[in-house]
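The values are calculated or read from the model by the stated rules, or taken from the named source; none is laboratory data. Every value quoted in this text rests on a predicted model; they were computed, and no experiment measured them. Because the Cβ atoms are built from the backbone with ideal geometry, glycine has one as well, and the counts that use them run over all protein chains shown.
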Amino acid sequence: MTRAATARAATAGDAAAREASALTVTDLTVTLPHPGGRVRVLDGVSFDVPPATTVGLIGESGSGKSMTAGALMGLLPEGATTTGGVVWRGTDLLTADAAHLRRVRGRQIAMVFQDPLAALNPTQRIGRQVGEIPRRDGLSRAEVRRRVIDLLDRAGIPEPERRMRAYPHEFSGGLRQRAVIAMALSGNPSLLLADEPTTALDVTVQARILALLRSVQRAEGLSMLLVSHDLRVVSHVAERVVVMYAGRVAEQGPAREVLRRPAHPYTRALVASVPAVRTRTALADPLPGAPATPAARPSGCPFHPRCPLARERCRTEVPAPRAVADGRRSACHFAEEVLGS
Amino acid sequence: MIRMVVKRLLIGVFVMWGAASLIFLIVRAAPGDPASVLLGPDADREQIRQLHATLGLDRPLHEQYVTYLGDVLRLDFGESHRLGRPAMDAVLERFPATLELTLTATTVAVVAGLLLGLLAGARPGGRTDRVVSAVTIALQSFPTFWVGIMGVLLFALTLRLLPSSGVGTPQHMVLPALTMALPFIAIVARLARSSVTETMREPYVVTARSKGLTEPQILLGHALRNSLVPVVTIVGLQMGALLGGAVIVENVFAWPGLGSLVVDAVANRDYAVVQGVTLLIAGAVTVLNLVADLLCAQLDPRIRMEAAA
Ligand SMILES: Nc1ncnc2c1ncn2[C@@H]1O[C@H](COP(=O)(O)OP(=O)(O)OP(=O)(O)O)[C@@H](O)[C@H]1O
Ligand code: SF4
Ligand SMILES: [Mg+2]
């Protein structure tokens, strides 16, 4: 079989593959070198991304969201060590060899990056970058061109025949993010990892890009891990949420329930800090104190210095994540109390 | 783009005026007198005075300067009294040999330097990187004339593999070109290495990894071109320095280029030839820098945009 034929066969098999595609993250721990010893920037992170589902990953700046997304694909800064499991289609990606990882990257799991201007190569035309995977998969020039035009069109870029010849700096922020999305879709992935895909954009463009991601995810039956520090973004798009604090998962579960009735004081504080989510309060309550960083993680429950419910036990005993309701987990000693109030 | 070229050329004119003026002053400030050199030690005062008048050297300095600049503007570079012919004719006759040597040395330096720099920069801190870094430091710390003399001693006199001097066969080119290229290789390699290492840390390289590219594919497909801009700029500058530095190497290897011509001209106070060589090299440097800028603009569309703005 030629490489092009293999590529087409792979496309045909995608629908079936997507059915079986769930990502299972178990006890993911990442350490990075740091002056004065290694730091666990991720500590025992576990969650699933079920097929055809959008999972929101939220938390304040520095909580480890980007590290999590990067660790799933083996794209971490130099010097990082990773333990735990990231199982995708029966293989643990953390222990898979380089060739296997390369087959997964772009073609099964693709990234949408936060800063589209930085993520695009400044010296290559948009079309070349969007068409890179098809080109390397052996499609002919004409086929690649058709595919690029189709991808740009699906990403909502007008006049794709003309725009594919532009360089990244000639695009607006919104167009660049659309180009990055088109590039992420170019290898027919089953799972998209979108790291703050709208942070660099102004509000109206943000809404359009989110709508685009949502419609693409629905239309193609993709799974998506949507990283954001913005609760409003996640509440619009995600079916499930994972809330991170200081490199650990504070709480996770179905998005509506978690946001409406948090089982962790940190989630509750996050929700209260956003006026649009809590319509009953006229004013938002900003989160008190500064977020804990993985480098200076407080003892016991890392949230205890800022937690209104903190007791003696919280200072000494690390709360293990546990099931607190149907499909919901919380890492708070007093989750039931929080849920009930 | 045209604006950039025009701007560059205007700067070039300015540079050449500066070079012309400086060399005009330097040759006249240096001790020695063309007339006494031409006439020999037995000439009497009257003969020297007459020759000064013929050469225009009896006129005040500023008058000579104005005449000289006017002549240069009319592309009249004066007569070489020693050679008895227009100075620029003699200069242009020697220029191809120097150019050939410089271009060969540059080609060798760029190819070898880029290769070493890429290999080292692909895995910073790796074994190749450490070896390349040791080699480049060594290459840069030996003076050119010493390398040249050692090359002659080893390859020409001891091993008898290569001719020690002169022209004629490609083998004649090897020692002088390598002598010029070695430190240049080190410059290109070090710059290419740091440029590639830096580029490999760019977010778009992570993007390329996320697309499942292999490291060599990323290096050649994404990092190389983007790392070349600083290299091209330095090669442009360095070639100018090489043209100037050719004087030493050409004299070590008896290479019939501008080097021996200019040494001879200086020794004999042949002002017109010294000035002609200086102007030619200044002109070549201007052109080289322009070419380097155009190449950079070709490599990086953002530079094109800036040039157009
Ligand atoms: N290259 C690095 N070397 C060392 N530590 C790092 C590096 N990059 C990030 N960190 C640390 O790892 C922790 C997690 O960072 P990460 O980028 O995952 O946070 P984030 O949740 O994505 O935040 P943001 O919302 O600001 O993007 C932070 O405390 C940060 O200081
Ligand atoms: S464990 Fe204690 S400190 Fe931590 S969130 Fe629960 S109540 Fe607050
Ligand atoms: Mg981040």
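Of everything in the stretch B:59-87, what is of a type in the set (Ser, Thr, Tyr) and at pLDDT below 90? Give them in sequence order. Give the derivation first.
Residues of the stretch B:59-87 of a type in the set (Ser, Thr, Tyr): B:65, B:67-68, B:80.
Across the stretch B:59-87, the qualifying residue is only B:Ser80.
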Some residue of the stretch A:181-192 being within 16 Å of ligand 3 (Cβ to nearest atom), among the hydroxyl-bearing types (Ser, Thr, Tyr) and within 20 Å of A:Ala110 (Cβ to Cβ): no
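Rundown of residues vs (1) out of contact with any strand residue (DSSP E or B) (no Cβ under 8 Å at 6 or more places or on another chain); (2) over 30 Å from A:Gln129 (Cβ atoms); (3) of a type in the set (Ser, Thr, Tyr), yes/no style:
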| position | (1), (2), (3) |
| --- | --- |
| B:Ser227 | yes, no, yes |
| B:Gln238 | yes, yes, no |
| B:Val252 | yes, yes, no |
| B:Ser260 | yes, yes, yes |
| B:Arg269 | yes, yes, no |
| B:Leu279 | yes, yes, no |
| B:Arg302 | yes, no, no |
Out of the stretch B:203-227, which residues are within 25 Å of the chain's Cα centre (by Cα) and buried (at least 23 other Cβ atoms within 10 Å of the Cβ)? B:Ser227
Applying the selection to the stretch A:100-116, what residues are of a type in the set (A, V, I, L, M, F, W, C) and facing chain B (nearest Cβ under 9 Å)? A:Leu101, A:Val104, A:Ile109, A:Ala110, A:Met111, A:Phe113
Name the residue that is nearest to ligand 1 (Cβ to nearest atom), counting only residues in the stretch A:216-235 that are in contact with a Pro (Cβ under 8 Å, 6 or more places away or on another chain) and not in a strand (DSSP E or B). A:Leu222
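For the stretch A:43-79: of the residues being among the aliphatic types (A, V, I, L, M) and part of a helix (DSSP H, G or I), which is nearest to the other protein chains (Cβ to nearest Cβ)? Show your work before the answer.
Initial filter on the stretch A:43-79 (among the aliphatic types (A, V, I, L, M)): A:45, A:49, A:52, A:55, A:57-58, A:67, A:69, A:71-73, A:75-76.
Applying the additional criterion that residues be part of a helix (DSSP H, G or I) yields A:67, A:69, A:71-73.
Details: A:Met67: 13, A:Ala69: 10, A:Ala71: 13, A:Leu72: 11, A:Met73: 6 Å.
Among them, the one singled out is A:Met73.
Conditions tested, residue by residue: (1) of a type outside the set (A, V, I, L, M); (2) within 14 Å of chain B (Cβ to nearest Cβ).
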residue: A:Leu175; (1), (2): no, no
residue: A:Leu185; (1), (2): no, yes
residue: A:Val205; (1), (2): no, no
residue: A:Arg214; (1), (2): yes, no
Output the number of residues of the stretch A:118-136 satisfying the condition of being surrounded by fewer than 22 Cβ atoms within 10 Å (Cβ to Cβ) and more than 9 Å from chain B (Cβ to nearest Cβ). 2
Failed condition for A:Pro77, given (1) in contact with a Leu (Cβ under 8 Å, 6 or more places away or on another chain); (2) farther than 30 Å from A:Gly37 by Cα: (2)
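Just checking, does the stretch A:234-245 include any residue being surrounded by fewer than 19 Cβ atoms within 10 Å (Cβ to Cβ) and of a type in the set (D, E, K, R)? Steps first, please.
Just the residues of the stretch A:234-245 that are surrounded by fewer than 19 Cβ atoms within 10 Å (Cβ to Cβ), to begin with: A:236, A:239.
If we keep only those that are of a type in the set (D, E, K, R) as well, we get A:239.
Checked the stretch A:234-245: at least one residue is surrounded by fewer than 19 Cβ atoms within 10 Å (Cβ to Cβ) and of a type in the set (D, E, K, R).
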Name the residue that is nearest to the other protein chains (Cβ to nearest Cβ), counting only residues in the stretch A:298-341 that are surrounded by 19 or more Cβ atoms within 10 Å (Cβ to Cβ) and within 16 Å of ligand 1 (Cβ to nearest atom). A:Pro302
Hey, can you tell me all the residues within the stretch A:236-255 that are assigned to a helix (DSSP H, G or I) and at pLDDT 90 or above? A:Val237, A:Ala255
In the stretch B:1-58, which residues are part of a loop (DSSP other than H, G, I, E, B) and closer than 30 Å to B:Arg302 by Cβ? B:Met1
Taking the stated definitions as given, is B:Ala272 in contact (Cβ under 8 Å) with a residue 60 or more places away in the chain, more than 14 Å from chain A (Cβ to nearest Cβ), more than 15 Å from B:Glu100 (Cβ to Cβ) and of a type in the set (Gly, Ala, Ser)? yes
